[in-house]
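One structure below.
The values are calculated or read from the model by the stated rules, or taken from the named source; none is laboratory data. Here the structure is a predicted model, which is why all the values come from computation and not from measurement. Don't worry about glycine lacking a Cβ; one is built from the backbone with ideal geometry, like all the others, and counts go over all protein chains shown.
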Amino acid sequence: MIKISNLYKRYNSRDGREAPWVLQDINLAIPQNVSVGLLGRNGAGKSTLLRLIAGMDNPERGSVERHCRVSWPIGLSGGFQGSMTGRQNVKFVARVHGGGMNVQRIIDYVEDFAELGSAFDRPIKTYSSGMRARLNFGLSLAFDFDVYLSDEATAVGDRAFKEKASKAFKDRVGQSSLIIVSHAEGILKELCQAGIYLKEGQATWYDDINDAIAAYHQETKPSGQP
């Protein structure tokens, strides 16, 4: 289970002025073995909430309790050391997080999955954002997490890679669960049971992903439509 209690988050300006809350008074209990779609308009705080759940960012108030192994957000291209190659970055992460796993097996898996070719041995700073995301995707899937976090990861790459990414998530369902941000409603319906809808800093839990999608449609439909 992941328990979020009285969570507030905002990003103040450089001159110290207080900015509006991105998230305010979020209270959620995400059950084990339930995959969740995270919906909301651009700027609603979806990526921020994923980073907080992953422990990559800290709330201004409140807490996030993780009673399971949670991945970093797949699809975000940050977190790599730019002067090191893709292979060197993967080797470093494997040694830190592998917990006795075979480091070479992780490297081989990521090299095959990310499909970067010779770029795998070039510095990360030469990569496009899509290449970084593909490397991040493969690296995350090389570890056995209880919950995988995904920020538009299935939108990365060409059609063949998107299908490969979608299949990889489907293969995880049943063994692990997902918390996924995606504008592809078909993916959400296929992979998720429940939904979290973010609006104006507030989060609403829906036991059925279709109800969360319906709430999102209600907010985003053109004015004047019933």
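Worth pointing out:
- Of the strands (runs of 3 or more DSSP E) lying entirely inside region 38-152, those containing at least 1 residues that are farther than 22 Å from V173 by Cα and either in contact (Cβ under 8 Å) with a residue 12 or more places away in the chain or of a type outside the set (G, A, S) (or both) are 61-66.
- Matching residues in region 11-63 - criterion: being more than 15 Å from A203 (Cα to Cα), charged (D, E, K, R) and at pLDDT 90 or above: R51, D57, E60, R61
- Screening G78 on (1) modelled with pLDDT under 90; (2) surrounded by 20 or more Cβ atoms within 10 Å (Cβ to Cβ) shows it passes everything except condition (2).
- Unique match (being outside any strand (DSSP E or B), under 20 Å from I53 (Cβ atoms) and of a type in the set (G, A, S)) among A203, A160, A212: A212
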